[in-house]
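Comments concern the structure below.
Bear in mind these aren't lab numbers, they're just calculated from the coordinates by the rules spelled out. Remember, predicted model here, so these are calculated numbers, not experimental data. We place every Cβ from the backbone using ideal geometry, glycine too, and count neighbours over all the protein chains shown.
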Amino acid sequence: MTTTKTLPSAKHFTLQQLADGVYAAYVKEHMGAFSNGGFVDLGESVLVIDAFLTPQAAQELRDIAEAITGHPVRHMVNTHWHGDHVRGNQVYADVAIIATDTTKNLIAEHLPPRIEAIRAQAPAQLKALQEQFDNATDEAQKAAFAVELAQFHEIDSTFHTLQITVPNVTFENKMTLHGTRRSAELITLGGGHSPSDIFVYLPQDKIIFMGDLLFVNNQLACWNANEREWVQILEQIEAFDAVQFVPGHGPLGTLEDVRANKQYLLDLLQLVEAHIADGGTEAGLADLKVPAAYEAWEFGSIFPGNVQKLYAQLKNS
């Protein structure tokens with residue numbers, strides 16, 4: 001039986017208790033976290049899942065995790081290398097930051113030049129966004145630009161102190177963290193959403209923190225993906241004894257959401273493969289529509305990028 005605790009209000013995310021000692025942190029849009037995370041009380045120490053987009057969001061989660069559990073954070077896992085899951089790593093420089101070797105290398109290779117490029121572009125982007133806000137006449141548009149400005153300032157405020165912090169503990173296939181209260185299994189089955197993805201399985205609680213292997217009610221981000229491998233990974237996860245699935249983006253999911261993600265990828269593959277088989281061109285991708293089953297999912301704006309990337313990948317394979 002779960003003992004429900006009164007949870008603190010947070011600036012960057014909304015907490016949900018999934019079981020005794022298990023908490024998901026769902027991103028508050030435009031507040032600097034940008035992806036979901038969570039934490040697990042292992043008994044005498046805490047495991048944190050992912051480090052968000054900004055150090056201030058990561059620090060808030062660490063502070064809350066230690067306050068709720070009464071135990072120190074000793075481990076933090078990066079589920080994959082993308083910035084919205086690792087740019088807060090510096091907050092955990094004094095603990096074990098866990099990842100796969102591939103993820104560690106990708107962070108070290110890609111994050112520094114990306115951050116420098118963002119820093120260089122920031123003044124022009126801020127000026128353009130401020131002009132859009134100042135010139136907006138529609139109240140809804142003005143409100144939307146105000147939210148974007150707030151998020152921009154939240155992220156921009158980190159650049160002077162941001163330190164790219166790479167994982168200091170790596171594993172190949174599986175690592176189990178044993179605690180006096182529960183064990184947590186850190187597992188990689190390869191690369192689906194990214195070249196290397198970890199999910200965190202809590203067998204005692206039947207909970208999986210999926211990272212970006214799962215999107216709930218959101219279009220899947222496929223810019224760095226291998227769609228066929230992603231399908232195979234989800235098929236294997238279906239066999240796990242789990243009932244709650246914490247996605248990288250979106251609300252708490254179920255096994256049906258895992259299956260819906262798998263079907264999305266299969267439908268995307270079929271759509272683009274059929275386009276190529278019919279002699280379709282890259283320009284013709286603009287005519288491809290989001291399948292009806294996914295029209296209501298958020299972030300529909302990334303669908304054109306998904307088909308363009310997959311088209312190029314299939315044409316070059």
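Quick rundown of the values:
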{"read-out": "Within the chain: Cβ-based charge dipole about Cα centre, in debye rounded to nearest 20 (Lys, Arg +1; Asp, Glu -1)", "value": "500 debye"}
{"read-out": "Scaled radius of gyration (Cα, divided by 2.2 N^0.38 Å) that the stretch 265-315 gives", "value": "1.07"}
{"read-out": "For a label point 7 Å along the Cα-to-beta-carbon line of residue 169, residues of the stretch 33-48 with backbone N under 16 Å", "value": "39-48"}
{"read-out": "Mean Cβ neighbour count within 10 Å, used as a protection proxy, ranking 197-204, 235-242 highest first", "value": "197-204, 235-242"}
{"read-out": "Mean separation of Cα contacts under 8 Å, 6 or more apart, over the residue count of the stretch 1-101: relative contact order %", "value": "21 percent"}
{"read-out": "Per-residue ³J(HN,Hα) for the stretch 117-128, Karplus 6.51 cos²θ - 1.76 cosθ + 1.60, θ = phi - 60°, Hz, x for Gly and Pro", "value": "5, 5, 4, 5, 7, 4, x, 5, 5, 5, 4, 5"}
{"read-out": "Overall form of the chain per C-alpha gyration tensor (a/c, 1.5; a/b vs b/c)", "value": "oblate"}
{"read-out": "Projected label distance in nm at residue 223 and residue 93, using a 7 Å step from Cα toward the beta-carbon", "value": "2.8 nm"}
{"read-out": "Length gained when the stretch residue 269-residue 14 is fully extended (0.36 nm per residue, less Cα-Cα span)", "value": "88.4 nm"}
{"read-out": "For peptides 287-298, 36-47, 19-30, sequence by mean Cβ density within 10 Å, most packed first", "value": "36-47, 19-30, 287-298"}
{"read-out": "Ratio of Rg to Rh over the stretch 9-166 (Cα coordinates, Kirkwood Rh, two decimals)", "value": "1.02"}
{"read-out": "The chain - percent relative contact order, Cα under 8 Å, separation 6 or more", "value": "13 percent"}
{"read-out": "Value of relative contact order over the stretch 163-317, rounded to a whole percent, pairs C-alpha under 8 Å and six or more apart", "value": "19 percent"}
{"read-out": "Extreme residue, positive dipole direction of the stretch 229-290, given options 290, 237, 275 (C-beta unit charges)", "value": "290"}
{"read-out": "For the stretch 265-315, size of Cβ-based charge dipole, Lys and Arg +1, Asp and Glu -1, in debye", "value": "140 debye"}
{"read-out": "Too-long pairs where the Cα-Cα distance tops 22 Å, listed order kept, from 104/174; 11/104; 11/127; 5/206; 262/289; 104/262", "value": "11/104; 11/127; 104/262"}
{"read-out": "Spin-label proximity, residue 147 to the stretch 286-303 - amide N less than 17 Å from point 7 Å beyond Cα toward beta carbon", "value": "297-302"}
{"read-out": "Phi to ³J(HN,Hα) by Karplus 6.51 cos²θ - 1.76 cosθ + 1.60 over the stretch 23-39, Hz, x for Gly, Pro", "value": "9, 9, 10, 9, 4, 8, 4, 6, 10, x, 8, 6, 8, 7, x, x, 8"}
{"read-out": "Added length on full extension, which subtracts the Cα-Cα distance from 0.36 nm per residue, residue 295 to residue 176", "value": "38.9 nm"}
{"read-out": "Proxy reagent accessibility, fewest Cβ within 10 Å first, across 243, 216", "value": "243, 216"}
{"read-out": "Ellipticity estimate at 222 nm from DSSP helix runs (n ≥ 4, -39,500 (n - 2.57)) divided over the chain, nearest 500", "value": "-12500 deg cm²/dmol"}
{"read-out": "Karplus-derived HN-Hα couplings along the stretch 210-216 (A = 6.51, B = -1.76, C = 1.60, θ = phi - 60°), whole Hz, x at Gly and Pro", "value": "8, x, 8, 6, 9, 10, 10"}
{"read-out": "Among 132-140, 102-110, 249-257, 56-64, the order from most to least packed when residues are scored by Cβ within 10 Å on average", "value": "56-64, 102-110, 249-257, 132-140"}
